Every structure is written in structure tokens, then in C-alpha cells.
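Participant: Take this structure, written in C-alpha cells, and hold onto it; I'll ask about it next.
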Amino acid sequence: MDNEWVCITASTGSSQRPVASEDWPGRWDHLRPVLHRPGPMAHEGFTPGTPTEQFLMEQCKVLVVGAGGLGCEILKNLALSGFRDIHVIDMDTVDVSNLNRQFLFRATDVGKSKAETAAEFIMRRVPRCKVTPYFGKIQDKDMAYYAQFNVVICGLDSVEARRWMNATLVQMFDSDSPESLKPLVDGGTEGFRGQARVILPTISSCYECSMEMLTPQTVYPVCTIANTPRLPEHCIEWASTLEWPRAFPEQSLDTDNPEHLQWLFRTASERARRFNIPGVTFSLTQGVVKNIIPAIASTNAVIAAACCNEVFKLATSSGTLLDNYMMYMGNDGVYTHTFEYEKNPNCLVCGQMQLALDVHPMWTLEEWIDRLIADPSISIGKPSLRTPARSLYMQAPRALEEATRPNLAYVLGELLQEGDVVTVTDAALPVSLEIVVHLTESAATAHNKQ
Amino acid sequence: MIKIWSMKKEAAETDRKKPKQSAAQIRVQKDMGELDDLPKTIKMHFPDPEDILNFELTITPDEGIYRGGRFKFTFKIDGNYPHKAPKVQCTQKIYHPNIDLEGNVCLNILREDWKPVLNLHSVIIGLQFLFLEPNADDPLNKEAAEDLRSNCERFKRHVIDSMRGGYVNSERFDNVLVA
């Protein structure tokens, strides 16, 4: 039995790895003390016993976003905690530089989809755990896809992807359907530092609420880059932001293209020589233009463990949740600090007032705007209206007002479709108001607040 | 599990919500609303009015050394706005200490001093300021900056020559005069 599980040395190729088809007896006994006994630390909604264990092992569906450094840890932790319906999304392929810490991948996997490779590995090691991979971008999937999960856990390296995931989950929440609340557990690491947070969309602070707390990316004054470089980074920035467009006006820089990186490295090195600046290396060039931060395997392990604990508690109520942000600092000793991020009332994602409004398809846009202005519960004066795809009517600047004025005469049935989300901005609103449009012949002036 | 979930396995909801505008789009829409009292010297143009993240701006200074010229810029705003500044580029070749021959602009609030509390209005006013008070201390076009610092009268003559589409130091500039 033991030999079957020693597979770290058997790493020459996927076909040679041992496969286990069944759990050994008592494999999940470690869950029993936690799930079958009451305890003073358990969440008030906790019911010890089999139904809770069954929910965890047979029903709970978890989405793991990212199968990289954090993702590998997360997938392993979830699978070994009893989750058996795991989906994983990642748009990347395995790179040789991942192999030092992304332990679900082997040298023979280089070039293959991370999501698919990781899913296969987990399923081979943990019988009856089903991992469904998707090799692609999170943006490829719509809300109906995300609605199937109980919880989403993110191990991403990009602010952009986090913002998208957060905004999507917040928008999915519908107060009439408690099932639409999808908790988001987000982990992040940067060298020896990391963070874990729990976001209950619309209930607790969301990712966007605290965007202003992010350390801004280092930006060098363009005049320093152009004239008085002092650091190797200045030379690399010069090559990428000023020299590349000059040398290749038709071609945009692709930081994943090794030839482009080589060119940047050579150009930056020449400049560094001219200004007598030491320290331009290929890896620094890569680091500056791709904004790479060194990854530490143990930081990933710490943060992934914290995140998976939260997912386990969410799924079982066996403990109180993290409220709501934990930071881990391992660069100067070991220190963690937990605090609660507050909701930002002006948050662009979760702080916007949302209304579901009935509108008549035969009203003109102008009539509708007049009705909105006349509505005392909205109290706006000069609203601008847009959908994601079009400018319906913009009060300013003048060029946009003129371009959108003809729309005022169109009827809403021509401009809008059922369910469209119209963003209204106005000087009287902190940021915006979102209106979910319901086209109906029986539209009156009344509306339902969400 | 936490109380919001029922113990029963329920079918995933199928009623699809439609996407709403991104945070960047919402913020730009809000910013646009505050551009209702731009000075007469500033005009905006939207090649595609449905796309508010990409537009053009012309500045026609009515005082200062650059009076009589019309200067064109493109604005490109990406999904990271307002956490990242908009990308602003001058589309003409002009003689200016803070704008290089490729149209890159050296304005602190477009780079190192950008803050999410700033908005499109601040950037537009900042750009106009560059034409009223060209600044020799943050040069992007070093020759022009040196020119301004050492001999202001000669610099003015060079600006006028360049705006006519003439040569300055054997470099040919674009004609930017208001017709």
C-alpha cells in the first residue's frame, strides 16, 4: 500500500505514475473529529454529523481560479480536505521555470495546459475526486457558468483578473435568490509576503472597495528615463517605452516573445553602458517589463492553506470565518495581522445603487430620461446614460452630447434589449446608478428597488 | 455550511444576467460628465461615440508662445483606470521641451504623480498648462529645453518657425497653425 503512494521519485513521465483507484479504509477519518462533533468554536449554523460531511464530499462544487503557484497548493489542499467536485481555470501553459514550486507539473508537462495537467494529477492521486479543467480565460465564461459553484477560490497573479472575477460575482448576487451569493476567497503572494481574504459579495467589503490600498506600480518620470537615467530599470524602461515604438512603429511589444525581450535587453544594455550604469541583466529586463516578482514556494503554501481553511469553513460551518483580511509577512521574521476591510460606499463595483425598472418599449429615450428626472426616489438632474456597448445619451463633453443627441428621439425598444444594464451618472450621484431594464408594454411610473 | 446555501442540491440558475459596464467604463462615464465647462481652447472628438475609452483632444492656446497653433492628442484608457493614468500621445511632431518628437508627453500626473482621485479634467487642464508654461526643468526634448533656458527669445522664434511647418536645428516640424 505504501509504495503505491511514493511517487515523488517516479517523476519521469505521466504514464509511469502510480494510479490509485480506491480510497483506503479510513482515509477520511481525519475529517470526523471536525465534522461530527459540536464545539465551542464552531459557527452558530454548524450541524455536526453526516449531512455536513455529505455536503462537503458529495455536493459542494468549488471553482479554483488559477493553477499556478497558489493554484497547485489549493487544488492539493482541497482534494485532501474532502472536496470532490472541483473545477479549475487557467489560461497558461506549464513553463520550465514553474517546476521548482508548481508541484503538480513535471518536466514532461512543459508546454501543456496547467489546468488540464493539474486536474489529471489530482484525479490520479485522489480517487473519487473529480477535477474539471478549463484551459482558457475567466472572461470566456458567463454568469450562468459561475452560478453553478458554491464558492470561488482565486490564486491569481493579476489585479485585472481579480477585479473581473470580483465584479462578476458581485453582479451575480440577487437579493431574491440566496443561492446567488458566491463567496470569494482570494489569495495572493509576493515574495515572502502574502494575503488571504474572504469576500461575501454585497455583504462584506469587495476587492474593488480597497483598490486604493494597493501599492501603486513603480512608474518613473518619462523625462528621467529620457535624459537622466540612474538605475538599470530606467534603461530598461527607456528601451521598452521609448525606443521600441521608435524602432518598430508598426509592431506592438509582446513581452512573451523571447526575440522582443532579447532586443529590449540589448538596447537597454547599450544605454546602460553609455551612462555607466551597472546591473542590466536579462532577468531584470524580464522582471521590469513583465513586472515579475520572485515566487517563494513556502509563501504560497502558507497562503493557500489559509484560503483553503476558509473554503472548508464556508462549506461546513465548522468554524468562524476570517473577517475579512489576513496579511502574512515572512520577509522579516514571521508576522500575520488580521483586520476587517470596510465596505467603500462609493465602490465602483459593490457601492452602486441598483434598480430594476419597467420601461415601455415605445417611450423615447428623451421621455424616459424625463421620467427618471421626475422620479423623486432617484433625484437626479442631468443624467448621462450608457450600456456596456453604447453611449445612449451623454450630457458632456460637447462632442459626445452632439453625437448622442439623435438617440433621444429613438424609442427604447430600438435602443435597448431586455435585461440590459444601463449605467446612469449624474452630478448628484456619488458615482453611478445601475438600472436593469425590463421592457414591458405595461410599464408605469412605479419601480421596484432592489 | 453557511446558512445561505440550502442542503439540497439545486439546479444552477439559468436566467442569465447581462454584463454591466466595467469599473473603468463607469468611472470614465462619470469623468465625462464633469467635462461640461471646458475652456473654448479645448475640443474633444470621438471617432466612435460608443467607445468613451478612446478619443482625441485638440488644444488651441489663446495666449502664450504657442498661440496660433492647434495641437492634437490621442487618449487611450485601459481597464486599469483610474488606478492607472490614461495614455496620452501628441499626434503631431512639435517643438516643445516637454513633448518629444514621437509625441510622448512629460507631465507628472500622467506618470509618477498619477492618483486615482485625479480625473480626465485634471489631465486635460494639465496638458493645456504645458502650452502656457513650457517647463525647461523636466525636458523630454532636451534641445528645446536648453533653447528655452539659454535664450527665451530665440526659443520663441523657433517655436513660431516649427509651428509653421519649418525647420529647427535641421529637424522638420508639422504645420500646426490654425488655418
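Participant: Can you give the FRET efficiency for A:Lys382 and A:Ala297, using 1/(1 + (r/R0)^6), R0 = 45 Å, r = Cβ-Cβ distance, to the nearest 0.05? Please list the in-between numbers first.
Facilitator: Working: r = 55 Å, r/R0 = 1.23.
It comes out at approximately 0.20.
Participant: Roughly what % of DSSP beta bridges within the range A:353-449 run antiparallel, to the nearest 5? Write down the numbers at each step before the final one.
Facilitator: Numbers: 13 of 20 bridges.
For the range A:353-449, the DSSP antiparallel bridge percentage is about 65.
Participant: Return the sequence-ordered ³J(HN,Hα) values of the range B:134-145 in whole Hz as given by the Karplus equation 6.51 cos²θ - 1.76 cosθ + 1.60 applied to θ = phi - 60°, using x for Gly and Pro.
Facilitator: x, 10, 7, 7, 10, x, 10, 9, 4, 4, 5, 5
Participant: Something else now. Find how much the distance from A:Leu408 to A:Glu366 grows on full extension, using 0.36 nm per residue of separation minus their present alpha carbon separation; answer in nm with one decimal. Let's see the in-between values first.
Facilitator: Values: separation 42, 0.36 × 42 = 15.12 nm, distance 0.47 nm.
Using 0.36 nm per residue and subtracting the Cα-Cα distance, I get 14.7 nm.
Participant: Calculate the spin-label point distance for A:Glu212 paired with B:Arg149, positioning each point 7 Å from the Cα along the beta-carbon direction, and give it in nanometres.
Facilitator: Placing both labels 7 Å along Cα→Cβ, they lie 3.7 nm apart.
Participant: May I ask you to evaluate 6.51 cos²θ - 1.76 cosθ + 1.60, the Karplus curve with θ = phi - 60°, for each residue of the range A:25-40 and list the ³J(HN,Hα) values in order in whole Hz, giving x for glycine and proline?
Facilitator: x, x, 4, 9, 4, 5, 7, 4, x, 7, 9, 10, 10, x, x, x
Participant: Could you work out how far the C-alpha centroid of the range A:93-165 sits from that of the range B:17-86, in angstrom?
Facilitator: Their Cα centres are 39 Å away from one another.
Participant: Going by a ≥ b ≥ c, the root eigenvalues of the Cα gyration tensor, does the range B:23-171 fall in the rounded group (a/c under 1.5), the prolate group (a/b larger than b/c) or the oblate group? Working shown, then result.
Facilitator: Values: a/c = 2.20, a/b = 1.83, b/c = 1.20.
Since a/c reaches 1.5 and a/b is larger than b/c, the shape of the range B:23-171 is classed as prolate.
Participant: Measure off 7 Å from each Cα along the Cα-to-Cβ vector at B:Ser170 and A:Ala374, then give the distance between these two points in nanometres to one decimal.
Facilitator: 7.3 nm
Participant: Have a look at the DSSP beta bridges in the range A:135-267 and tell me what percent are antiparallel, nearest 5. Don't skip to the end; give the middle numbers.
Facilitator: On the way: 8 of 12 bridges.
The answer is about 65 percent antiparallel.
Participant: What ranking do A:218-231, A:403-416, A:51-64 get when scored by the average of other Cβ atoms within 10 Å per residue, highest first?
Facilitator: Order by mean packing, descending: A:51-64, A:218-231, A:403-416.
Participant: For A:Gly188, which sequence-distant residues (separation of 5 or more, or a different chain) have an amide H within less than 5 Å of its own amide H, given hydrogens modelled in the peptide plane?
Facilitator: A:Gln195
Participant: For the range A:353-449, just say rounded, prolate or oblate: build the C-alpha gyration tensor, square-root its eigenvalues into a ≥ b ≥ c, call rounded for a/c under 1.5, and beyond that prolate if a/b exceeds b/c, oblate if not. If you can, show how the numbers build up before the last one.
Facilitator: Working: a/c = 1.57, a/b = 1.15, b/c = 1.37.
Since a/c reaches 1.5 but b/c is at least a/b, the shape of the range A:353-449 is classed as oblate.
Participant: Per-residue counts of other Cβ atoms within 10 Å, averaged by peptide: what ranking do you get for A:134-140, A:66-72, A:340-346, B:139-145, highest first?
Facilitator: Working: A:134-140: 15.7, A:66-72: 28.0, A:340-346: 13.4, B:139-145: 21.7.
Going from most to least packed, we get A:66-72, B:139-145, A:134-140, A:340-346.
Participant: Follow-up. Any idea what the alpha-carbon Rg over 2.2 N^0.38 Å comes to for the range A:149-256? Don't skip to the answer; put the middle values down first.
Facilitator: On the way: Rg = 19.7 Å, N = 108, 2.2 N^0.38 = 13.0 Å.
Against the compact-globule rule of thumb, the ratio is 1.51.
Participant: Which percent, nearest 5, of DSSP beta bridges in the protein assembly as shown are antiparallel?
Facilitator: Details: 53 of 80 bridges.
The antiparallel proportion sits near 65 percent.
Participant: Could you work out how far apart the two model spin labels at A:Arg37 and A:Gln417 are, taking each label as a point 7 Å from the Cα in the direction of the beta carbon, and quote it in nm?
Facilitator: Those two pseudo-labels are separated by 5.7 nm.
Participant: Label point 7 Å out from A:Glu259 along Cα-to-Cβ: which residues of the range A:233-249 have amide N under 20 Å?
Facilitator: A:239-241, A:243-249
Participant: List the residues whose amide H sits under 5 Å from the amide H of B:Phe55, counting only those 5 or more places along or on another chain, with H placed 1.01 Å from N in the peptide plane.
Facilitator: It is B:Phe75, by chain and number.
Participant: How crowded by other chains is B:108-115, given as the mean number of beta carbons from other chains within 10 Å of each beta carbon? Could the numbers behind the result be given before it?
Facilitator: Details: counts 3, 0, 3, 8, 7, 2, 2, 2.
Taking the mean over all residues of the peptide, I get 3.
Participant: I need the shape label for chain A. Rule: rounded when a/c is under 1.5, else prolate if a/b > b/c, else oblate, with a, b, c from the alpha carbon gyration tensor.
Facilitator: Verdict is oblate for chain A.
Participant: Across the residues of A:214-223, average count of Cβ atoms on other protein chains within 10 Å?
Facilitator: Rounded to a whole number, the mean comes out at 6.
Participant: Then there is this: Applying a 10 Å radius around every beta-carbon, put A:142-148, A:419-425 in order of their mean neighbour count, most first. Write out the running numbers ahead of the final one.
Facilitator: Numbers: A:142-148: 16.7, A:419-425: 21.7.
Packing order, densest peptide first, comes out as A:419-425, A:142-148.
Participant: Which of these, A:Ile293, A:Ile153, A:Ile89, has the largest mean-square fluctuation under a Gaussian network model of chain A (Cα springs below 10 Å)?
Facilitator: With Cα springs under 10 Å in chain A, the top fluctuation among A:Ile293, A:Ile153, A:Ile89 is at A:Ile293.
Participant: Next up: Relative to the longest principal Cα axis of chain B, at what angle does helix B:120-132 sit, 0 to 90 degrees, rounded to 10?
Facilitator: Once rounded, one gets 10 degrees.
Participant: Apply the Karplus curve 6.51 cos²θ - 1.76 cosθ + 1.60, θ = phi - 60°, to the phi angles in the range A:176-190 and return the couplings in whole Hz, x for Gly and Pro.
Facilitator: Whole-Hz 3J(HN,Hα) from phi for the range A:176-190: 7, 9, x, 4, 7, 7, 10, x, 10, 10, 10, x, x, 9, 8.
Participant: So what's the gap between the Cα centers of the range A:259-321 and the range A:377-450, to the nearest angstrom?
Facilitator: Using only Cα atoms, the two centres lie 42 Å from each other.
Participant: Using the reciprocal of the averaged 1/r over all distinct C-alpha pairs, how large is the Kirkwood radius of the range A:57-168 in Å? Mind showing how you got there, number by number?
Facilitator: Values: mean 1/r = 0.0717 Å⁻¹.
Answer for the range A:57-168: a Kirkwood hydrodynamic radius of 13.9 Å.
Participant: Multiplying the sequence separation of B:Lys76 and B:Lys156 by 0.36 nm and subtracting their Cα-Cα distance, what value in nm do you get? Let's see the in-between values first.
Facilitator: Working: separation 80, 0.36 × 80 = 28.80 nm, distance 3.11 nm.
That works out to 25.7 nm of additional length.
Participant: Assuming a viscosity of 1.002 mPa s and a temperature of 20 °C, what translational diffusion coefficient in µm² per second does Stokes-Einstein assign to the range A:361-411, Rh being the Kirkwood radius over Cα pairs? It would help to have the intermediate numbers written out before the result.
Facilitator: Numbers: Rh = 11.4 Å.
Value of D from the Cα-based Kirkwood radius: 189 µm²/s.
Participant: Next question. What average count of beta carbons from other chains do you get within 10 Å of the Cβ of residues in A:46-52?
Facilitator: Numbers: counts 2, 2, 0, 0, 0, 2, 2.
Taking the mean over all residues of the peptide, I get 1.
FYI, it's all coordinate maths here, none of it is from the lab. Only a predicted model underlies this, so the values are computations on that prediction, with no experimental measurement involved. Note that each Cβ is placed from the backbone with ideal geometry, even for glycine, and that neighbours are counted across all protein chains shown.
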